[in-house]
Amino acid sequence: MTEKPIQGERKMFLTGNEVVAWAALAAKVDIMYGYPITPQNEIMHYWTRMAPKYGKKFLQTEDELSAGFTTIGGVLAGKKAFTATAGPGNTLMQEPISMAEMMRIPTVVVIQQRGGPSTATVIYSQQEVTMTTYGGNGEGFRVVYSTATHQELFDYTIKAFNTAWKYRFPTFVLGDGYQAKMRESLHIYDPEEKGIKLVEPTPTLSRPGQIGVNREPNHIRNTYNTEEELYQIVMGYAKEYAEISPEIIEFQEQDVDDAEIVIVSHGVVSRAALAATQELRKAGYKVGYFRPITLRPFPTERMRAVAANTKKLLVVESALGQLNKLVLNEIYGLTTPIETLLKPGVGVTSEEIVTRIKSLL
Amino acid sequence: MTLNPQMPKCWRVESKPHKFCPGCGHGLVLKALGEAIDELGIQDRVVFGCDIGCSLLTWDFFDVDTVQTHHGRTTPVITGLKRANPDAIGIAYMGDGGGYAIGSQHLVNAAARNEKITVILANNTNYGMTGGQMAPTTLPGQKTETSPYGRDAEDIGYPTQGPEMVAAIGQKGAYVARGTMANIRQLKGYFKKALQNQMDGTGFSFVEALASCPTNWRTNAKDTWNFVENEMSKYFAVGELKVPDQLKEV
């Protein structure tokens, strides 16, 4: 019953949602809280089939507010807990995550982006970037990993739990409907067998011991009485977030050193960008590829160096400029022109990028 | 001679005197709750969650593990915690706005799922912290900041009868009662049964407590007491609505 879910390394052919469920098992997650919304549903479907065999729990809540707040409750009890959502569910999820942000509660949320605004499509988009990086009434103190492949969905879901519990900032894995529903091969593994140390969860509330004898009660809050008191708290978080960011930031790049134009993309779109880069290089075009893996914290330093060293950037995304807004903000002051290929809620092919690059060079 | 006020053992001395308005019902409700926790000897196991509104002033009220949450969201936080750690004794404390308006879906569904938690709701017929607006529990004709000519029940409905609603949804093993600050001994008894029900793992437990709000009611001591004891209880009947078998003999 409680044997390890994954022994050794196995090659599998899975949908992205199935991958997330496997990764959560591999990361020794104790409990999932969830509410149905497409395209993330199968994360719950696979979790509810597999989790009981390993003594893991599941609760289907009444909405995403509840899914987020019950996840917070699970984490406060000292358990590795997560939820998954999309679109309008992500909108509701911003309320609990703003509380997690303020109270430094290591929640993990998997987002499979769907079309927006509103109900839009159940299929695909990259339109939840702004909301996932800076949603809620806060300052964006969260970590957002944008995955591109099923292998990454597995790797970064495991990593998300470690990041959340190590740094105590809410952590997101940002996928999309294509990744959720597509089937592709990957290697699943037990992280500890590979030497990846899993961060142990600890309880904030309901800790063992006797109050006044060998422990004190813990009182945690998100309300403060004065502007100055809040200012101290927020600035303290900002300082800490800035300090740990270099340890968290991840990006991927190719052929940027002599590139005359660099394609900037993230998530599943970066696969088309990478294919386009390779194709164009073969044809003799000086094209580079840059992809932030962490959208929060953003790889600012490297992005600026890449932008400063090239003649032009082409930002490509399945949204009307949400990644572009992040890029603009991070490279402020540089004069490198930015071209865009923006297709809100629609996939981007390498052919489209190739055609666009050829028209720009 | 110094008279030391009698405080429940689980009250946090450092945060007293508490921050509620003079004459506020929360103090009495929390005294009854504190005594119930003491008498059951569960201080070490309790996780107390408090809502937004006046109830947030309880964030450091007890010497028990405490989490202050968002408006209406205390029920899911305590639900999630209890699901993850069934040994904890989870108490979600809220007002009538938190429980019957913004968080009503959580209350309804926690009851429907028979979550093994205890929800305690102070009903003072208005939103106190925000300055006395109409609540789901405002009585017909009662004046508030957003019903300055009195609540017109024909226009915006009659007050929510929370325990009646929860009892109707409540599953086998649930405990549901409405007590009042006007009968503190009885209220304490309800709290003890509600907590015992959770300790027994029998089902959801819910107690509404009728409480005063003289600041927003603009009432003196006599009228305040009269409103709680005679006006509120006419519409909000005090008593037990659902008692599981194992608590019937208690």
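Based on the alpha carbons, how large is the Rg to Rh ratio for the range A:9-190 when Rh follows Kirkwood?
Working: Rg = 14.5 Å, Rh = 15.6 Å.
Taking Rg over the Kirkwood Rh, I get 0.93.
What does the convex hull of the Cα atoms of the protein assembly as shown come to per residue, in Å³, rounded to a whole number? Numbers along the way, then the final one.
Values: hull volume 109.0 nm³, N = 611.
That works out to 178 Å³ per residue.
Taking the full set of protein chains and a 1.4 angstrom probe, give the accessible area of A:Trp47 in square angstrom, rounded to the nearest 10.
Ignoring ligands and nucleic acids, A:Trp47 comes out at about 0 Å².
How far is helix A:64-76 tilted off the main Cα axis of chain A, in degrees rounded to 10, range 0 to 90?
60 degrees
Within the range B:93-134, whose backbone N sits under 18 Å from a point 7 Å along Cα→Cβ of B:Asp152?
Counting backbone N atoms under 18 Å from the label point, the list is B:134.
Can you tell me the relative contact order of the range A:113-186? Whole percent, Cα pairs under 8 Å, sequence separation 6 or more.
Numbers: 96 pairs, mean separation 24.9, N = 74.
For the range A:113-186, the relative contact order is 34 percent.
Report, for chain A, the % of DSSP beta bridges that are antiparallel, rounded to 5. Can you show the working numbers first?
Numbers: 13 of 47 bridges.
Restricted to chain A, the bridges split so that about 30 percent are antiparallel.
What is the Cα centroid distance between the range B:48-84 and the range A:267-339, reported in whole angstrom?
45 Å
Nearest 500 deg cm²/dmol is fine: what mean residue ellipticity at 222 nm does the protein assembly as shown get from its DSSP H runs of n ≥ 4 alone, each adding -39,500 (n - 2.57), divided by its residue count?
After summing the helix terms and dividing by residue count, I get -11000 deg cm²/dmol.
For chain B, what's the relative contact order in percent, using C-alpha pairs closer than 8 Å and at least 6 residues apart? If you can, show how the numbers build up before the last one.
Values: 526 pairs, mean separation 47.6, N = 250.
Computed over chain B, the figure is 19 percent.
Starting from the coordinates of the alpha-carbon atoms of chain A, obtain the Kirkwood hydrodynamic radius over all distinct pairs and give the value in Å to one decimal.
Working: mean 1/r = 0.0475 Å⁻¹.
For chain A, inverting the mean 1/r across all distinct Cα pairs yields 21.1 Å.
Just to be sure I understand: with springs between alpha-carbon atoms less than 10 Å apart, which residue in A:Thr171, A:Thr157, A:Thr223 has the highest mean-square fluctuation in the Gaussian network model of chain A?
A:Thr223
Kindly state, to the nearest 0.05, the FRET efficiency for A:Arg49 paired with A:Thr119, given R0 = 22 Å and r defined as their beta-carbon distance.
On the way: r = 28 Å, r/R0 = 1.27.
Computed FRET efficiency for A:Arg49 and A:Thr119 comes out at 0.20.
Which whole-number percent is the relative contact order of the range B:45-145 (Cα, under 8 Å, 6+ apart)?
Details: 204 pairs, mean separation 26.4, N = 101.
With pairs under 8 Å counted, the relative contact order is 26 percent.
For the protein assembly as shown, which whole percent of the accessible surface, found with a 1.4 angstrom probe, sits on carbon and sulfur atoms?
Working: 12490 of 23880 Å².
About 52 percent, which is the carbon plus sulfur part of the accessible surface.
Taking the Cα centre of the range A:9-190 as origin and charging only Cβ (+1 Lys, Arg; -1 Asp, Glu), how large is the dipole, in debye to the nearest 20? If you can, show how the numbers build up before the last one.
Details: 17 positive and 16 negative charges, 120 e Å.
The dipole magnitude comes to about 580 debye.
Which trypsin sites (Lys or Arg not before Pro) in the range B:148-210 sit in a loop by DSSP (not H, G, I, E or B) and have at most 13 other Cβ atoms within 10 Å of their own Cβ?
On the way: sites: B:Arg151, B:Lys172, B:Arg178, B:Arg185, B:Lys188, B:Lys192, B:Lys193; in loops: B:Lys172.
In loop regions of the range B:148-210 (DSSP not H, G, I, E or B), the sparsely surrounded trypsin sites (Lys or Arg not before Pro) are B:Lys172.
Specify whether the C-alpha gyration tensor of the range B:1-123 places it in the rounded, prolate or oblate class, a ≥ b ≥ c being the square roots of the eigenvalues: rounded for a/c under 1.5, otherwise prolate if a/b is larger than b/c and oblate if not. Write out the running numbers ahead of the final one.
On the way: a/c = 2.29, a/b = 1.45, b/c = 1.58.
It is oblate, given that a/c is not under 1.5 and a/b is not larger than b/c.
Go from 0 up to the bin containing the longest alpha carbon distance in chain B, width 10 Å each, and give me the % of pairs per bin.
8, 34, 38, 17, 3, 0
Return the distance in nm (one decimal) between the two label points of a simple spin-label model at B:Gln105 and A:Lys166, each offset 7 Å from Cα along Cα→Cβ.
If labels sit at B:Gln105 and A:Lys166, their model points lie 3.6 nm apart.
On a 0 to 90 degree scale, rounded to 10, what angle separates helix A:227-248 from the longest Cα axis of chain A?
60 degrees
Give me the summed buried accessible area for the B-A pair, 1.4 Å probe, to the nearest 100 Å².
On the way: alone 11230 and 15450 Å², together 23880 Å².
Its buried surface, counting both partners, is about 2800 Å².
Given H placed 1.01 Å from N in the peptide plane, which residues other than close sequence neighbours of A:Leu59 have an amide H under 5 Å from its amide H?
Amide H neighbours of A:Leu59: A:Met32, A:Tyr33, A:Gly34.
Could you tell me the calculated FRET efficiency between A:Val213 and B:Met7, based on Cβ-Cβ distance and R0 = 30 angstrom, to the nearest 0.05? Numbers along the way, then the final one.
On the way: r = 19 Å, r/R0 = 0.64.
It comes to 0.95.
Work the Kirkwood hydrodynamic radius out for the range A:91-185: mean of 1/r over every pair of different alpha-carbon atoms, inverted, in Å.
On the way: mean 1/r = 0.0739 Å⁻¹.
With all distinct Cα pairs of the range A:91-185 included, I get 13.5 Å.
If you line up the long axis of helix A:269-282 against the longest principal axis of chain A, both from Cα atoms, how many degrees apart are they, to the nearest 10?
The two axes meet at around 30 degrees.
Among the lysines, which fall within straight-line cross-link reach of B:Lys248, defined as a Cα-Cα distance under 21 Å, with same-chain neighbours fewer than 8 residues apart omitted?
Those lysines meeting the cut-off are B:Lys116, B:Lys172, B:Lys188, B:Lys192, B:Lys193.
Please report the antiparallel percentage of DSSP beta bridges with both residues in the protein assembly as shown, rounded to the nearest 5. Don't skip to the answer; put the middle values down first.
Details: 20 of 83 bridges.
Rounded to the nearest five, the antiparallel share is 25 percent.
How much length is gained on full extension from A:Asn137 to A:Gln60, taking 0.36 nm per residue of separation minus their Cα-Cα distance? Intermediate results must be reported in sequence, preceding the final value.
Details: separation 77, 0.36 × 77 = 27.72 nm, distance 2.64 nm.
Gain on stretching A:Asn137 to A:Gln60: 25.1 nm.
Any idea of the accessible area per residue across the protein assembly as shown, 1.4 Å probe, to the nearest Å²? Each step should come with its number before you reach the end.
Numbers: 23880 Å² over 611 residues.
For the protein assembly as shown, the solvent-accessible area averages 39 Å² per residue.
How large is the dipole of chain B about the Cα centre if only Lys and Arg carry +1 and Asp and Glu carry -1, each at its Cβ, rounded to the nearest 20 debye?
Numbers: 24 positive and 25 negative charges, 38 e Å.
Dipole size: approximately 180 debye.
Between the range B:200-221 and the range A:1-79, what is the separation of their alpha carbon centroids in Å?
38 Å
Roughly speaking, what is the centre-to-centre gap between the range A:107-165 and the range A:204-265 when only Cα atoms are used, to the nearest Å?
Centre-to-centre distance over Cα atoms comes out at 17 Å.
In nm, what is the difference between 0.36 nm times the number of residues separating B:Gln186 and B:His18 and their Cα-Cα distance? If you can, show how the numbers build up before the last one.
Details: separation 168, 0.36 × 168 = 60.48 nm, distance 2.32 nm.
Extending this stretch completely gives an extra 58.2 nm.
Please give, to one decimal in nm, the separation of the simple spin-label points placed at B:Asp38 and B:Lys172, each 7 Å out from Cα toward the Cβ.
3.8 nm
How high is the FRET efficiency between A:Val346 and A:Glu279 when r is their beta carbon distance and R₀ equals 25 Å, given to the nearest 0.05? If you can, show how the numbers build up before the last one.
Values: r = 21 Å, r/R0 = 0.83.
Between A:Val346 and A:Glu279 the formula returns 0.75.
The values are calculated or read from the model by the stated rules, or taken from the named source; none is laboratory data. Computed from a prediction, not measured in an experiment: that's the story for all the values here. All Cβ positions, glycine included, derive from the backbone under ideal geometry; neighbour counts span all protein chains shown. Heavy atoms of the whole protein, side chains included, go into the accessibility calculation; ligands, DNA and RNA do not. Shrake-Rupley method; radii C 1.70, N 1.55, O 1.52, S 1.80 Å.
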